[in-house]
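Enquirer: Shown below is the structure under consideration.
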Amino acid sequence: MSDEVDNTLMIIAAGEFSVGILGNAFVGLVNCVNWMKNRKIASVDLILTSLAISRICLLCLIMLDSCTLVLYPDVYSTGQQMRILDFFWTLTSHLNVWFAACLSIFYFLKIANFFHPFFLWMKWRIDRVIPRILLVCLVFSVVISLPVTENWNDDFRRCVKTKGKTNLTLRCRVNKHQYVSIKVCLNLLTLVPLSVSLISVLLLILSLWRHTRQMQLSATGFRDASIEAHMGAMKAVISFLLLFLAYYLSFLVVTFNYFIPKSDLAVIVCELIALIYPSSHSFILILGNSKLRQAFLSMLCKVTYILKRRNF
């Protein structure tokens, strides 16, 4: 790639990275400050804080990988550094999707209107088990990320160097196929939390339809708080599903980079697309959460006031 293209792509990546860090850091900071003030933290705030921290880590890893690919491409064939980067990227990707699934379940249980005994039992228990669920998600993500590092061996590192050559040996092809097979299988595991999120939003739609129908039968002509809560939760979950789908496809392209000669430009473009998910979804969550939205608007007012005073 030319230096001009490299610089342009790195500027775009730096902009997305900065926006994402600011948004997720804001979510974590507001919730942590409230935690210290009140000596306790609400379940939804704990989920949002965990999600924000995992997304900050994911942003740092994507940015590090982009910088490495542009500035130090030889690191891709040195082994140990890429083993660590690959492990943490897989870990944070799984943490993101599992924590988002936890948020989807929490929204569903707190907002939906169903009267099934199992639903009511889960609704009553959810606040107590959220910390344990998040811990289980962390442990599970670590366990399923370990095979990535175990398969990144010396033979595979030597084969990475031959990515752009046509005379690959059979041993190299076998190593690459083994590596990408493990990566694909691990990526397929994200379909479980994604399915949970999809089911949650479908049940929220069903709950909203039933609630709207009841309002029509009772001749209520205005939107109540329950409808607003349904709509806010559905926007958060649906936007997550769409953004994560784009991220997931980009992640697959980066994974298959080992099979595509001279694909560095395509990989960096895909990483720019991947940065959109952890950068933008935090602002959707901020606007959908009344406490975060008020804190964000208050911060904007203070920043605007300071800038106006400096101008005068």
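Enquirer: Tell me, in nm to one decimal, what length is gained between LYS291 and LEU135 on full extension, where the rule is 0.36 nm per residue of separation less the Cα-Cα distance? Don't skip to the answer; put the middle values down first.
Expert: Details: separation 156, 0.36 × 156 = 56.16 nm, distance 2.50 nm.
Extending this stretch completely gives an extra 53.7 nm.
Enquirer: Distance in nm between label sites at LEU22 and ALA246, each 7 Å beyond Cα in the beta-carbon direction?
Expert: So the label points at LEU22 and ALA246 sit 1.9 nm apart.
Enquirer: Now a separate question. Pop the C-beta distance of LEU191 and ARG310 into the FRET formula with R0 = 45 Å and round what comes out to the nearest 0.05.
Expert: Values: r = 51 Å, r/R0 = 1.13.
Here the calculated transfer efficiency is 0.30.
Rule-based calculations on the coordinates, nothing more; no lab input. Here the structure is a predicted model, which means the values were calculated and not measured. Cβ sites come from the backbone with ideal geometry, for glycine too, and all protein chains shown count toward neighbours.
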